[in-house]
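The block underneath contains the structure these notes are about, expressed in structure tokens.
Computed from the coordinates by the stated procedures, all read-outs in this text should not be read as laboratory data. Not measured: the values here are computed from a predicted model. Note: ideal-geometry Cβ built from the backbone for every residue, glycine included; neighbour counts use all protein chains shown.
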Amino acid sequence: MKSKKCISQFVLLLIFGLTVLLCCSTEASAAIAKISGFTGKALLHSGADIMLISRIGQEINVGDFVQTENGEAEITFNDGAMLKVSPYTKTMIQEASEESGAWIFKTIQATRRLTCFVGKLWFKSGSSNRRLMMQSPTAVVGIRGSEGDFGFNPDPARLQTFLNIYVGEVVTVAGSIIRGFFENPGITAAQKSTVYQQLETAYARVVATAAANAAPNVSENQKTLNDANARLAALDVAKQAATILIQSNPDAVVRNQAQAAIAVIDPMITNNQALAAQARTGITGPTTEITTTVLPALPTTVTTTTLPDLPTTVTTTTLTTGATTIPTTTTTIAPSPLTTIWTTTSTTSTPTTVTPSR
């Protein structure tokens, strides 16, 4: 009887444990935010997948990246907090329960970390008590009850982190911060950002892969190879972003989280490398490797040059033929002011080269 009672208690505990595990797993994988608005071209990088932001309500998960070109993206979190991503900006979004303090004074606090790798972010806290940490590759700022702008210029000659608080206060700072109003570093800074440019190239590969896989007479092994290489490009971008934080950020928490991210990314890279290698062996004849080149987008510029009025000139000459004198008058009238307009339209060229190889 006693034995049956113990077994019943064990079964109940097992069911309870599985229920807790399932709940925790569901919570960890649940979306933490959604796209609430967007204009122009913006990318969502989630794990090994890169896609265009194409609809309101598109989900954002822990560790996702959002990158804009000539557009903007607005993100609304589950607690009502908001984030606006300016043009030519790259950000990473994280949420976790983090420990702080030491020994018996340790506490666990829900924390949101928003990392700006280049560009400018506008942020506003939500209704929860979640701690907000704004960070760049070279600095971290803890902010309480706030609204403001945060940005980063990755130009090697500058490496500037910017903060402009409208409402709230700064509670912690690690690294160098420039306070006050600042302009978006823009396309020039984006062109100097390694991880920004890498994501552009990786997305170009995704587009080229989709086109190649849709072509007639493409074998399943070739499609597997193309997909694996596209995922590898996306994972390399995520690993590069984590590596930058490990090398440059002054906060040990940020560096440790980046190390943990690489510990997750590396096995995914290994698995996809194995898939690619296996697919190659199954292809009869030459394999097709997709390579992509992305030209930086050009901003739209309008240059206007006005030529000044030319004066009207009158020239009088006298022709003499024998005893006859013939006055001749030549009049030159200047053209009206001439305006020349040169317009360069914003473009991103993504030529694709398909190279047969063995």
Could you list which residues have their amide H under 5 Å from that of Ile178, counting only those 5 or more apart in sequence or on another chain, with H placed in the peptide plane? Thr161, Phe162, Leu163
With +1 on each Lys and Arg Cβ and -1 on each Asp and Glu Cβ, and nothing else charged, work out how big the dipole of segment 225-297 is about its Cα centre, in Debye to the nearest 20. 40 debye
Please tell me which of these pairs span more than 18 angstrom C-alpha to C-alpha: Lys41/Lys239; Lys41/Lys84; Lys41/Lys223; Lys120/Lys192; Lys90/Lys192? Lys41/Lys239; Lys41/Lys223
Net charge of Cβ neighbours under 15 Å - reference Ser146; Lys, Arg +1; Asp, Glu -1: +4
For segment 29-190, what relative contact order do you get, as a whole percent, if you take Cα pairs closer than 8 Å and at least 6 residues apart? 16 percent
Gyration tensor on Cα atoms of segment 225-274, a ≥ b ≥ c root eigenvalues, a/c under 1.5 rounded, else prolate if a/b beats b/c, else oblate, says prolate
